[in-house]
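Participant: Just passing along the structure, written as structure tokens.
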Amino acid sequence: MNRQSRIDHPQSGIHTTVWILGDQLSHRWPEWLAHAGLGPTNTRLLFIESAAKIRSRPWHKHKLVLVLSAMRHFAQAMRDLGWPVDYRKAATFEAGLRAHIAAHAPARVVVMQPNTWQGRAFVKQLSRAGGHPVAEFLLLDSRFFLAKPEDLGASRSPLMETFYRRMRRRTGYLMDGDQPVGGKWNFDDENRRPPPRAWRASGSPLPIPNLPAFAPDPITREVIAEVAQVASAWGALDGFALPVTREDALKFCADFITHRLPNFGPYEDAMVSGQPVLFHSMLSPLLNIGLLERDELCAMAEQAYREGRAPLNSVEGFIRQLIGWREFVYACYWREMPRLREMNALNATRPLPKFYWDAQTEMACLRACVQGVWERGYTHHIQRLMVLCNFALLAGVSPQEVNEWFFATYVDAYDWVVTPNVVGMGMYGDGGIVGTKPYAASANYIHKMSTYCAGCRYDPKQRLGERACPFNALYWDFVARNADILSANPRAGMPVMALRKMKADEVAALRAQAKHFLDSLA
Ligand SMILES: Cc1cc2nc3c(=O)[nH]c(=O)nc-3n(C[C@H](O)[C@H](O)[C@H](O)COP(=O)(O)OP(=O)(O)OC[C@H]3O[C@@H](n4cnc5c(N)ncnc54)[C@H](O)[C@@H]3O)c2cc1C
Ligand code: SF4
């Protein structure tokens, strides 16, 4: 397979096929292809829906609707711009490609590098498989990310903060010359507030804006009817209201900048019952399929700050997620794959508890989060990290099983982002590459940062007994089980010291309580 930026095309007529993948739906394709000398008079665009891919995992129904509807809308938008389009539904991607080649006999097929390791391996294998009557199979460099593995530096455990400052300098966002706007790189000390007391009182009106909803149009309704027939899919099908076109995605984004960005920073880590999105953007599903771009979101956020419409702590926090964390996990992914997927530094082997699929648990925080995932394939970052992953980490669930669950059930999940976040950050399977220490916490964290405990049958303050919150005994059991690994990490050793100061019979009682609870899990 060749990689090149300019494509020679001596013949007249349509001789080149550009195969656009479902997570590459960028409005910039015409511009990118023009650089390669390709346009509507010599190029046909190919889109393939693979039935095998659709049925390959228990994908969330909203994810299937989002990707398929966005692909169909995007293909139509390209037709409207005058591009010849071949839109195929096939048993597999390979079958779709072969059928396209048989029908149109292109001299070459061009693909932009897929964002995932499996995607690249698949395209490589396709191009080598032989039997394709195409002279060339060309690969364009991916345009979707800013960072490369080299940007992580030489350390096995790169620091996100160092990487982030590098990206700030590279992009110029929130910079005054070579100094950060406001004199600081990071305003986290003004963020991470718990939900205010007033929000905890039941029935009190919350100052949280509603998300804009986009009623399904005929194309989306057709996709919804098809997805209803996919027996392997999981999650609710009703209530789908995400944008599926660039135009609506921009409206969704503008709504975030106006109504939620101002409070994004302070309540970034807060979790409130019945408020799955809170002041987060919910832009990841749209960013990850290319409908929106990182740079335009950063520019809009910075403009809101410069015009006095959003405070610096919120805007800096949001930009840090985009050019910091998002790019950082992408770079880690490409540096560590393919072994990253299989890493299991804590030797955790427990199967994923059944309640991750059916929400049948008395733990109110986990029930609310799983129900949220069922309803819309989304929870915000802290629910993913400090509730869903934290529980699995403490319980010793296999990182690979947790990764499979997140991959299938979230609308924004793609291997490049889900695997470093789950196997690395959430489950510490990588032994400290993506995160510097395990994100393990007892009930105290959830009690402080959420409103869940008020409606729970367990008591977050009790460690032993029938009403004791399971997170507490599980936490100390986790620390005892992994004491050697934790004490070797300067950032994770404190809980081990605390455990060693406890009386032996107290530790034994906590571990017995944890065992009893774990034995009861289906
Ligand atoms: C266990 C776990 C699983 C995750 N799985 C995914 C996933 O499948 N897909 C996904 O896009 N993100 C994933 N994340 C990262 C993050 O939780 C989501 O990007 C974020 O919650 C998406 O919601 P939002 O758009 O409202 O984000 P906001 O809080 O509004 O943040 C803005 C944007 O920053 C980016 N971002 C923030 N943190 C991260 C991060 N750690 N990694 C990558 N991008 C980040 C996202 O693009 C997000 O849209 C995961 C995190 C954890 C801990
Ligand atoms: S008491 Fe424990 S299980 Fe219940 S909501 Fe709080 S942290 Fe979750």
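Participant: For segment 2-140, what are the per-bin percents of Cα-Cα distances with bins 5 Å wide, up to the bin holding the maximum?
Facilitator: Per 5 Å bin, starting at zero, the Cα-Cα P(r) for segment 2-140 comes out as 2, 9, 20, 25, 22, 14, 6, 2, 0, 0 percent.
Participant: Tell me, what is the percent relative contact order of the chain, built from C-alpha pairs under 8 Å that lie six or more residues apart?
Facilitator: On the way: 827 pairs, mean separation 82.3, N = 522.
The value is 16 percent.
Participant: Taking the Cβ of A233 as the centre, find all other residues whose Cβ is under 10 Å away and add up their charges (Lys, Arg: +1; Asp, Glu: -1).
Facilitator: Working: positive: R55, R57, K61, K63; negative: none.
Local net charge: +4.
Participant: Under a point spin-label approximation (7 Å from Cα along Cα-to-Cβ), what is the E247-D217 distance to one decimal in nm?
Facilitator: 0.6
Participant: Could you work out the relative contact order of segment 2-140? I mean the mean sequence separation of Cα pairs under 8 Å and 6+ apart, divided by the number of residues, in percent.
Facilitator: Reported relative contact order: 33 percent.
Participant: Next question, about the same structure. Relative to the first principal axis of the alpha-carbon coordinates of the chain, what is the inclination of helix 294-306, with its axis defined by its Cα atoms, in degrees from 0 to 90 and to the nearest 10?
Facilitator: 60
Participant: Could you give the alpha-carbon Rg of segment 377-444 over 2.2 N^0.38 Å, rounded to two decimals?
Facilitator: 0.99
Participant: Within segment 331-374, what residues put their amide N at less than 16 Å from the label point 7 Å along the Cα-to-Cβ vector of E150?
Facilitator: Answer for this model: 331-332, 334-335.
Participant: With the contact rule set at Cα under 8 Å and sequence spacing of 6 or more, what percent relative contact order holds for segment 355-520?
Facilitator: Reported relative contact order: 18 percent.
Participant: Figure the gain on full extension for K437 and Q118 (residue separation times 0.36 nm, minus the Cα-Cα span) and round it to one decimal in nm.
Facilitator: That pair, K437 and Q118, stretches by 112.1 nm at full extension.
Participant: Here is a follow-up. Return one number: the angle in degrees, 0 to 90 and rounded to the nearest 10, between the long axis of the Cα atoms of helix 246-255 and the longest principal axis of the Cα atoms of the chain.
Facilitator: For helix 246-255, the angle is close to 30 degrees.
Participant: Here is a follow-up. Obtain the nm distance between the two label points defined at A498 and N344 by a simple spin-label model: each point lies 7 Å from its Cα along the Cα-to-C-beta direction.
Facilitator: According to this spin-label approximation, the distance is 2.9 nm.
Participant: Count the net charge of all other residues whose Cβ sits under 11 Å from the Cβ of A443, scoring Lys and Arg as +1 and Asp and Glu as -1.
Facilitator: Here the count lands on +2.
Participant: Could you tell me which trypsin sites (Lys or Arg not before Pro) in segment 372-464 are loop residues by DSSP with no more than 15 other beta carbons within 10 angstrom of their beta carbon?
Facilitator: R457, K461
Participant: Mind pulling the per residue volume of the convex hull built on the Cα atoms of segment 355-520? Å³ is fine.
Facilitator: Each residue corresponds to 109 Å³ of Cα convex hull volume.
Participant: Identify, among P212, F240, L159, the residue whose Cα sits farthest towards the positive end of the charge dipole of segment 149-329, taking +1 on the Cβ of Lys and Arg and -1 on the Cβ of Asp and Glu, with the dipole about the Cα centre.
Facilitator: Looking along the dipole axis, the top candidate is L159.
Participant: If N is the number of residues in segment 149-329, what value comes out of its Cα radius of gyration divided by 2.2 N^0.38 Å?
Facilitator: 1.17
Participant: Take the residue pairs K448/K503; K461/K503; K61/K89 and return only those whose Cα atoms are more than 23 Å apart.
Facilitator: Flagged as over cut-off: K448/K503.
Participant: Computed FRET efficiency, Cβ-Cβ of H516 and T41, R0 60 Å: what is it to the nearest 0.05?
Facilitator: Efficiency computed from Cβ-Cβ geometry: 0.25.
Participant: Sketch the reach of a paramagnetic label on Q229 as a point 7 Å from Cα along Cα-to-Cβ, and name the residues of segment 16-57 whose backbone nitrogen lies under 14 Å away.
Facilitator: 51-52, 55
Participant: Using only Cα atoms, what Kirkwood radius does the chain have, in angstroms?
Facilitator: Hydrodynamic radius (Kirkwood, Cα pairs) of the chain is 24.6 Å.
Participant: Dipole of the chain (Lys/Arg Cβ +1, Asp/Glu Cβ -1, origin at the Cα centre): which of A504, Y356, C469 lies farthest to the positive side?
Facilitator: A504
Participant: A further question on this structure: Considering only the other residues whose Cβ falls under 10 Å of the Cβ of A395, what net charge follows from Lys and Arg at +1 and Asp and Glu at -1?
Facilitator: Values: positive: R350; negative: D477.
Net of charged neighbours comes to 0.
Participant: Dipole size in debye (nearest 20) for the chain around its Cα centre, Lys and Arg Cβ +1, Asp and Glu Cβ -1?
Facilitator: It works out to roughly 780 debye.
Participant: Projected onto the charge dipole of segment 2-140 (+1 at Lys/Arg Cβ, -1 at Asp/Glu Cβ, origin at the Cα centre), which of V111, V85, L64 gives the Cα projection farthest towards the positive end?
Facilitator: In segment 2-140, that residue is L64.
Participant: Using +1 on the beta carbon of Lys and Arg, -1 on that of Asp and Glu, and nothing else charged, what's the dipole of segment 124-266 about the Cα centre, debye to 20?
Facilitator: My answer is approximately 560 debye.
Read-outs: derived from the displayed coordinates by stated rules, not from any lab. The structure displayed is predicted, hence computed values, not measured ones. Every residue, glycine among them, receives a Cβ derived from its backbone with ideal geometry; neighbour counts consider all protein chains shown.
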